[in-house]
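Novice: There's a structure below that I have some questions on.
The values are calculated or read from the model by the stated rules, or taken from the named source; none is laboratory data. This one's a predicted model, so the numbers in the text were calculated from it and none came from an experiment. All Cβ positions, glycine included, derive from the backbone under ideal geometry; neighbour counts span all protein chains shown. Just the protein is used for accessible areas: all its heavy atoms, side chains included, with ligands, DNA and RNA removed. Shrake-Rupley method; radii C 1.70, N 1.55, O 1.52, S 1.80 Å.
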Amino acid sequence: MQLFQFAYCSAIVLLANAKSIDRYHPERDEISTASLSAPNSVELTARYWVDEAQTGIKAKQKRLQTSRNEIARNVVMFLGDGMSVPTLAAARTLLGQRNNQPGEEAQLAFEAFPTVGLAKTYCVDSQIADSACTATAYLCGVKNNYGVLGLTAAVPRRNCSASLDTSTHIDSIAAWALADGRDAGIVTTTRITHASPAGVYAKSANRNWENDAKVREDNQDPNACRDIAYQLVHSSPGNQFKVILGGGRREFLPTTSIDEEGTSGRRTDGRNLIEDWQKDKISRNVTYQYVWNRDQLMNAAEALPDFLLGLFEGSHMQYNLEANVQTEPTLAELTEIAIRSLSRNKKGFFLFVEGGRIDHAHHDNQVQLALDETIQMSAAVTKAAELLSEQDSLIVVTADHAHVMTFNGYTKRGSDILGPSDKRDESGIPYMTLSYTNGPGFRSHVNNTRVDVTAESEYRQLDWMSHVDVPLDSETHGGDDVAVFVRGPQHQMFSGLYEQSQLPHLMAYAACIGPGLHVCSAASRIVQMPLTMLMIVLIRRLFH
């Protein structure tokens with residue numbers, strides 16, 4: 001069994017390397033937008049989703065009693081990639097059990113926030129979402145197609161020419177903050193060019209176009225449709241970000257280069273984008289620093305430069321439980337340094353923080369790693385809450401999509417969350433309390449009977465995979481709604497069930513940035529004024 005699993009996983013890795021693909025998110029056949037019939041055709045426009053969000057805000061204004069004096073100077077959005085509701089329940093239980101409690105009664109930091117909502121995660125062309133269409137929704141306020149970033153659903157995946165039409169381009173809440181004179185930054189445990197962080201700054205017809213070579217692989221022109229790393233360094237809003245912290249050095253370096261830890265660059269255009277970033281800052285006569293390990297980051301934090309770029313791995317950052325603590329900063333450390341840097345702007349800031357490897361561990365059916373990454377994000381939220389006042393800083397914690405991990409069985413209170421259920425299947429074989437409906441952890445049945453995974457020699461090791469029903473190279477996302485936890489100005493506005501694309505509009509409402517309704521706008525004030533005061537305002541306007 002061990003040999004089978006080793007060979008199976010090795011084959012997956014070799015195949016992924018051979019094709020240079022993201023093994024967690026394999027390519028799929030796309031649905032042509034031409035096949036979308038009315039009334040769905042209206043969803044191809046940005047206007048449809050903007051209007052939907054503004055209608056939702058108006059309805060909440062009427063229903064909720066909120067103060068127009070509560071305005072968010074700072075907005076921090078935490079994104080747990082793949083952090084489904086069952087993931088939250090299991091992670092809080094593991095956290096409690098690590099503290100020698102039964103576990104179920106424990107609480108992740110953000111679960112204590114005063115408002116909780118639910119967001120619907122589907123894409124325009126897909127029932128179950130990926131991290132690109134969801135990023136476009138929760139950062140740009142518009143739903144679009146699976147695998148596409150920062151463009152409306154009028155652009156099919158991989159269609160470079162369609163993406164050149166500027167009417168399909170949509171800005172993120174980071175761009176709205178910058179336009180208001182605030183600062184912006186991104187922090188992630190994935191490659192900084194991966195789908196979720198790329199949603200903050202990129203406009204790309206394919207999430208996989210992280211470097212110019214990937215654009216060429218789709219027979220497209222990288223000089224027409226710039227790759228995601230290039231956009232971060234050379235285009236707005238990415239080139240204005242004060243803080244950029246994550247992984248992914250390989251996407252910034254030419255194939256002729258080897259990075260500090262031995263990873264080969266992947267760019268075929270000969271560019272060194274890290275050097276380009278540095279030259280840009282020199283031309284602006286601002287202070288800057290590029291760092292690639294934890295020691296350098298901590299030294300930079302003692303006297304923070306105007307601009308900080310940190311790329312800590314060739315690809316994704318290491319899982320917390322496997323990380324080299326000498327070279328790898330924690331998500332909480334990254335978050336603290338980003339907030340300290342951005343807080344120097346008196347007008348405020350927008351910061352995006354992603355716990356991105358929750359998703360990757362789920363894809364590999366490695367549940368212990370997934371839950372620990374969730375706990376690490378909770379620690380990062382704790383740090384942000386300590387540094388920022390609840391009076392003027394909005395903190396939003398959510399997920400982009402779910403996964404197919406199940407929390408099942410009839411196990412007694414306080415039982416090991418990472419262990420087997422108290423019950424057994426009809427053949428008397430144990431099954432895990434945390435199982436998956438699909439993925440690479442499938443074990444072939446013997447004599448039409450499931451094998452006992454608890455008897456495996458590598459059982460419960462970090463890279464051990466929980467058992468699954470359906471064999472796949474990579475476990476799939478789930479179509480569940482995801483939770484939204486909010487603290488700070490106008491937090492009540494985030495209650496209820498709504499489209500994921502309402503999230504940036506709600507954040508903009510609280511922060512008074514970007515298009516649409518704002519809590520500080522004249523229209524909003526009139527809605528919330530007492531009748532007598534409203535009459536006085538109207539009379540004054542009639543006579544002036």
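Novice: Within the chain, what percent of beta bridges assigned by DSSP are antiparallel, to the nearest 5?
Specialist: Here the antiparallel bridges make up roughly 35 percent for the chain.
Novice: Counting heavy atoms of the protein chains only and a 1.4 Å probe, report the per residue accessible area for the chain as a whole number of Å².
Specialist: Solvent-accessible surface per residue comes out at 39 Å².
Novice: Could you pull out every residue, at least 5 positions away or on a different chain, whose amide H is within less than 5 Å of the one on Val291? Hs are placed 1.01 Å off N in the peptide plane, and Pro or chain starts have none.
Specialist: Correct list: Leu309, Gly310, Leu311.
Novice: Under the rule a/c < 1.5 gives rounded, and otherwise a/b versus b/c splits prolate from oblate, where does the stretch 161-230 land using the Cα gyration tensor?
Specialist: Judged from the Cα gyration tensor, the stretch 161-230 comes out oblate (a/c at least 1.5, b/c at or above a/b).
Novice: Once the mean 1/r over all distinct Cα pairs of the stretch 329-369 is inverted, what Kirkwood radius in angstroms do you read off?
Specialist: So the Kirkwood estimate lands at 12.2 Å.
Novice: If you don't mind, another one. At 27 Å minimum axial length over the Cα atoms and a Kyte-Doolittle cut of 0.0, report the qualifying DSSP H helices in the chain, or say none.
Specialist: Span-like helices here: 367-387.
Novice: Name the residues whose placed amide hydrogens come within less than 5 Å of the amide hydrogen of Ala399, ignoring near sequence neighbours (fewer than 5 apart) on the same chain.
Specialist: Long-range HN contacts for Ala399: Gly80, Ala483.
Novice: On to the next question. Using a ≥ b ≥ c from the Cα gyration tensor of the stretch 414-467 (square roots of the eigenvalues), is it rounded, prolate or oblate, where a/c under 1.5 gives rounded and otherwise the larger of a/b and b/c decides, a/b for prolate?
Specialist: In terms of gyration-tensor shape, oblate.
Novice: What order, most packed first, do the peptides 498-505, 193-200 have when packing is the mean number of other Cβ atoms within 10 Å of each residue?
Specialist: The densest-packed peptide leads the list: 193-200, 498-505.
Novice: Have a look at Ile429, Gly356, Val187 and report the one farthest towards the positive end of the charge dipole of the chain, computed about the Cα centre with Cβ charges (Lys/Arg +1, Asp/Glu -1).
Specialist: It is Val187.
Novice: Here's a follow-up. Test of the criteria: in the stretch 332-410, which trypsin sites (Lys or Arg not before Pro) are in a DSSP loop and have at most 13 other Cβ atoms within 10 angstrom of their Cβ?
Specialist: Hits after loop and neighbour filter: Arg344, Lys346, Lys347.
Novice: Here is a follow-up. Quote the charge dipole size of the chain about the Cα centre in Debye, to the nearest 20; the model charges only the Cβ of Lys and Arg (+1) and of Asp and Glu (-1).
Specialist: My answer is approximately 2040 debye.
Novice: Take the solvent-accessible surface of the protein heavy atoms, probe 1.4 Å, and return the percent of it on the chain that carbon and sulfur atoms account for.
Specialist: That fraction is 52 percent.
Novice: With respect to the cross-link table entries Lys120/Lys242; Lys120/Lys347; Lys143/Lys279; Lys143/Lys214; Lys120/Lys281; Lys58/Lys120, which display a Cα-Cα separation exceeding 28 Å?
Specialist: The pairs that break the limit, which is 28 Å between Cα atoms, are Lys120/Lys242; Lys120/Lys347; Lys143/Lys279; Lys120/Lys281.
Novice: Keeping all protein chains in place and using 1.4 angstrom, which order do Glu43, Glu275 fall into by accessible surface area, from largest down?
Specialist: Listed by decreasing accessible area, they come as Glu275, Glu43.
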